[in-house]
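I have placed the structure first, in the form of structure tokens, so that the comments after it can refer back to it.
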Amino acid sequence: MNIEESKGRLKEFCYSRDIKTLSQEIKDLRCDIRQRQGKDREELQLQLEDKTKQYEEKKNIEIANAYYQIVHGKHKVSLREVEAKCKKAYAVGDMPSMLICKFIALEIRNQYQLRLDNRDDIVEELRVLLDNSMPKILIRVDIRHFYETIPQQKLISMIESDDYLSTTSRRYLRKFFFEYNKITDNQELKGIPRGLSFSPGLAEVYLREFDRRVKNICGLYFYKRYVDDIVLLVSPQKNDADNCLKVIREIAIGLGLSIHEGDEKIVKVQLPTINNAPVSFNYLGYQFKYVSGHTNLLLTEEKVSRYCKTIDCIFHAYANVANHRTLDENGKKHKDGLIQFMHRIDALTGNGYLDSRRNFVKTGLFYSNRLLTDYSQLDMLDCYLKDALNDVNKFSPPRKLFNYGEGNNYEDNILRIKNKINSKLNFKTGFFDRRMYRWNDYVIVLKQLQNLYYKSL
């Protein structure tokens, strides 16, 4: 998408308050026309034609003005601070600014030919290289406060010297940095705004030099960096772990960056270890567990904890609505919160489709963790879910929920619900059978689960 193509996308968004008022008046007139007869209807029809003409004229003027401002670099970009997953992020304040972000992101990706490696490919390649008894040095580090510490002047100098981006894009980048520095009172002129569509591309441009220098480490035969997560393998015959880590620190400092310190953030070890002691570390959402030349992939402890916490949130939310009416995705009333409860369990333990303008992306328990080789944690999660179902303080649907007939009592109904969850809506069937969520509100339920989890923190 270039600036010319962006012109058409302004039609629905770049309107002033007057335009939106006219639009609402036109809708109201159309509703009135359907309810009137005779001369009243004819008069309203004339008013509608007049309002429609005004609307089209003002709309075309607004679009032309916005287009002119963007193309000539005169649009004042707008930023606002938002919160995403308990972190500070930034979003644009109007549609023209969003279009400018999209254009800059596309130009960066095309001109610099940025292609991120697939996460699953990186994880699988690393597992294969670790899955043997050959001596090797493993180093896993990550960059501290990645987005917030990139020096803006160095980044702009790189872009200027490369001369890949258009003058308009460079001008708007400076405007976005100016707004970001003003919002954050950033007097050190460090960092790029997390959350904007061009920010990942800018970070990749800046770290090209970091990658080039690290790849020159003596004895290095495997190096991958996914955003700020870094892992490398080095031959112990040509280098040692302490020296490699020292070089990486020096490279980062030379670029105005820093490496996370602490035993929980840095892995620096020679494999196999003395006495074949097991080595465990996290990378790209998986826990790597190396024992006697063999490597398994597990869920990280953080993921397991999050699943357990979300289960608790689901049961707690159900306890609050069990005796009240709730609404489904179509606005229809449930008898109580039991249907909502079952949908949330189904979505958490299964898989579903994320809507996209181009296709439907599969996500969920299996599709987010498809490379697992150790499944013991799935059994643990199923036990945790089963214990929660059997705890009357967490799960006790009201007796008035069920209709009782001959041979049908409250305990039988509760038992059927528990059996359905334990046999069909559990974590193991969700993973091994790749069970898909059958209803059309999957994305809505995922957002509900996310909100429940972050509110509980």
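The values are calculated or read from the model by the stated rules, or taken from the named source; none is laboratory data. Keep in mind that what you see is a predicted model, and the values were worked out from it rather than measured. All Cβ positions, glycine included, derive from the backbone under ideal geometry; neighbour counts span all protein chains shown. Ligands, DNA and RNA are stripped out before the accessible areas are found, and what is left, the full protein with its side chains, is counted by its heavy atoms. Shrake-Rupley method; radii C 1.70, N 1.55, O 1.52, S 1.80 Å.
General remarks:
- Extension gain for His145 to Arg213 (0.36 nm times residue separation, less C-alpha to C-alpha distance): 22.4 nm.
- Using 0.36 nm per residue and subtracting the Cα-Cα separation, the extra length available between Ile274 and Arg249 on full extension is 6.4 nm.
- FRET efficiency estimate (nearest 0.05) - Cβ-Cβ, Arg399 to Ile156, R0 60 angstrom: 0.30
- Carbon and sulfur %, accessible surface of the chain computed with the full protein complex present, 1.4 Å: 48 percent
- Accessible surface, the chain, averaged per residue in Å² (probe 1.4 Å): 56 Å²
- Asp120 - accessible surface, heavy atoms, 1.4 Å probe, Å² rounded to 10: 50 Å²
- Taking a ≥ b ≥ c as the square roots of the Cα gyration tensor eigenvalues, the chain comes out oblate, since a/c reaches at least 1.5 and a/b does not exceed b/c.
- Cα-based convex hull, segment 272-315, per residue volume (Å³, whole number): 70 Å³
- If R0 equals 51 Å, the separation of the Cβ atoms of Thr184 and Tyr384 corresponds to a calculated FRET efficiency of about 0.80.
- Residue-count net charge about Asn419 - beta-carbon cut-off 14 Å; Lys, Arg +1, Asp, Glu -1: +2
- Look at where the Cα atoms of segment 201-241 and of segment 109-144 average out, and the two centres are 9 Å apart.
- Extension gain for Gln450 to Lys58 (0.36 nm times residue separation, less C-alpha to C-alpha distance): 137.0 nm.
- For the chain, the relative contact order comes to 14 percent (Cα pairs under 8 Å, sequence separation of at least 6).
- Model label zone, Asn320; criterion: amide N under 16 Å from point 7 Å along Cα-to-beta-carbon; scope segment 429-457: 447-457
- Structure note, pairs Lys428/Lys455; Lys289/Lys418; Lys87/Lys246; Lys58/Lys102: Cα-Cα distances above 32 angstrom occur for Lys289/Lys418.
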